[in-house]
Amino acid sequence: MPRKPIVGGNWKCNPAETAKLAELVANFAPCAELLDKCDVYVCPSNLHVGMVYKNFAPGIMVAPQNCNFGGCGAYTGEMAVDQMKDMGLKLCLIGHSERRGEFGLPTPKECNQLMATKLAYILEKGLSCVFCIGEPLPIREKGIDAVLAECVNQLVDIVPILKALEDKSRVIIAYEPVWAIGTGVTASPEQAQETHKVRYLDARTCPACYPRPVLLLPLPRFRHAPNCHVPGAPIQAPCSPAPAPKILPTP
């Protein structure tokens, strides 16, 4: 059975004015007519999630942009999946490049091991996860082998979690080349498709990267976001999904 396509929009730390929220929410209204063909999610900024999550058309998933891994408690500045679950949210995004060290700030980056811990917590609480991966420009310039190696490195720590997960569709691998975020440079469909070959790498390196016929472990759905995130301009484009990428035959 082919995987159902998924379309997502990340508002990042936007907008600055709450007066703009209603228009941004309204932009997603046409997506409700497409939910039989694709899933749709949106990631409002942390301050705005609680203000807008009930305002989207039914079926459009609202996903916070991050979470902690310890639940509720004395964790200043954090968000717990327990809170998201109580709000009725079904999805949480983690691992964005800006959390993995692309802030350009002298703060510790979120490592692959932390991403695995967060993923396990999200799944244990019953939510699904958008798990972000991608490569910066210096790695892209080294060629596709280096790109695939970087993507595998970001996935290896979650392999045991995926192997134990009965419903693999609960994890969406969101590939976005870091060099195409807010730069005006767009990754081509061909570049995205060749990166999806990460599914077919050596099973000893990344067992989760093989589809069902090989290891009975299909990789969760891939989402390709070539250049969706423009600073200062939360997603406003019409919500027509692109055709699902072709699933290459198992080598």
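The values are calculated or read from the model by the stated rules, or taken from the named source; none is laboratory data. The structure presented is a predicted model; accordingly, all values stated were derived computationally and were not measured. For neighbour counting, all protein chains shown are included, and Cβ atoms are generated from backbone atoms with ideal geometry for every residue, glycine included.
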Give me the residue from segment 48-65 that is more than 15 Å from Leu93 (Cα to Cα) and among the hydrophobic types (A, V, I, L, M, F, W, C) and, out of that set, surrounded by the most Cβ atoms within 10 Å (Cβ to Cβ).
Phe56
Looking at the structure I just gave you, is Cys67 touching a Cys at 6+ places or on another chain (Cβ under 7 Å) and either among the β-branched types (Val, Ile, Thr) or assigned to a loop (DSSP other than H, G, I, E, B) (or both)?
yes
Against the definition (under 21 Å from Ala32 (Cα atoms) and outside any loop (DSSP other than H, G, I, E, B)), how does Gly50 come out, yes or no?
yes
Restricting to segment 1-47, name every residue that is in a loop (DSSP other than H, G, I, E, B) and charged (D, E, K, R).
Arg3, Lys4, Lys12, Glu17, Asp36, Lys37
Considering only residues that are aromatic (Phe, Trp, Tyr) and under 15 Å from the mean Cα position of the chain (by Cα), look in segment 1-46 and name the one that is surrounded by the fewest Cβ atoms within 10 Å (Cβ to Cβ).
Trp11
Answer residue from segment 176-198, given it is crowded, with 22+ Cβ neighbours inside 10 Å and either of a type in the set (Phe, Trp, Tyr) or touching a Phe, Trp or Tyr at 6+ places or on another chain (Cβ under 9 Å) (or both) and is modelled with the highest pLDDT among those
Thr195
Near pairs, Cβ below 9 angstrom, 6+ apart or cross-chain, from segment 36-65 (without any contact (Cβ under 8 Å) to a residue 12 or more places away in the chain) to any residue that is exposed (fewer than 13 other Cβ atoms within 10 Å of the Cβ) and of a type in the set (Gly, Ala, Ser):
Lys54/Gly88
Identify, from the list Ile173, Ile158, the residue that is in contact (Cβ under 8 Å) with a residue 24 or more places away in the chain, among the aliphatic types (A, V, I, L, M), in a helix (DSSP H, G or I) and crowded, with 23+ Cβ neighbours inside 10 Å.
Ile158
Within segment 134-175, restricting to residues that are of a type in the set (Gly, Ala, Ser) and touching a Phe, Trp or Tyr at 6+ places or on another chain (Cβ under 7 Å), the one that is nearest to Tyr121 (Cα to Cα) is Ala174
Could you identify the single residue in Lys90, Lys85 that is of a type in the set (D, E, K, R), at pLDDT 95 or above and either under 21 Å from Arg3 (Cα atoms) or surrounded by 18 or more Cβ atoms within 10 Å (Cβ to Cβ) (or both)?
Lys90
Scan segment 121-142 for residues that are over 14 Å from Trp179 (Cβ atoms), surrounded by fewer than 17 Cβ atoms within 10 Å (Cβ to Cβ) and not acidic (Asp, Glu) and report the count.
2
Name the single residue, out of those in segment 135-155 being assigned to a helix (DSSP H, G or I) and small (Gly, Ala, Ser), that is farthest from the chain's Cα centre (by Cα).
Ala146
If we keep only residues of segment 177-192 that are without any contact (Cβ under 8 Å) to a residue 40 or more places away in the chain and not small (Gly, Ala, Ser), then the residue farthest from His96 (Cα to Cα) is Glu190
